[in-house]
């Protein structure tokens, strides 16, 4: 079995758009701007033998603010420019009570089954409590990227480490210091 690094999308590999002081997902491919060092971090993790799998909640699809076609266009950009191994998407809202929407671990568990990933030897990197909770529920080590969320929210799930970027998360993972 292999190891994986599961990464959230918005705020971890690409910039979140700030509206009314809150982070939001981009709604078009032109607004999907990769954060500094994201490409290099993914390359380094893959070079060390990790699968890199994006796991992202995209409720804007469910509420009609984003079409599935535009979302697919954005994810083609992620695949082409970052060369991730896979992208798992939940297009539901909390009200749908699905098994895939973080903080539930459904996307991680599905990806692990499909890619032969050993979850206990894998990592979840995200910028929200939902990411950390999903990683914990799946049995992964968790790294929280400091972002636009309130500090209290970031600490709510007690991540294994708090870092400034995906690059910093990658460095910790590659050094096996967690």
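Just so you know, all these numbers are worked out from the coordinates, no wet-lab data involved. Since we're looking at a predicted model, the values are computed, not measured.
Things worth noting here:
- Principal-axis tilt of helix 106-115 within the chain, Cα atoms, nearest 10 degrees: 60 degrees
- Mean separation of Cα pairs under 8 Å and 6 or more residues apart, divided by the residue count, gives the chain a relative contact order of 24 percent.
- Fraction of antiparallel bridges per DSSP, the chain only, in percent to nearest 5: 15 percent
- Degrees between helix 38-47 axis and first principal axis of the chain (Cα, 0 to 90, nearest 10): 40 degrees
- Net length gained if the chain between residue 19 and residue 98 were fully extended (0.36 nm per residue, minus Cα distance): 25.8 nm
- Dividing the summed helix terms, -39500 (n - 2.57) for each DSSP H run of n ≥ 4, by the number of residues in the chain produces a 222 nm estimate of -10000 deg cm²/dmol to the nearest 500.
- Segment 4-175: projected area of the alpha-carbon convex hull, averaged over directions, in nm²: 9.1 nm²
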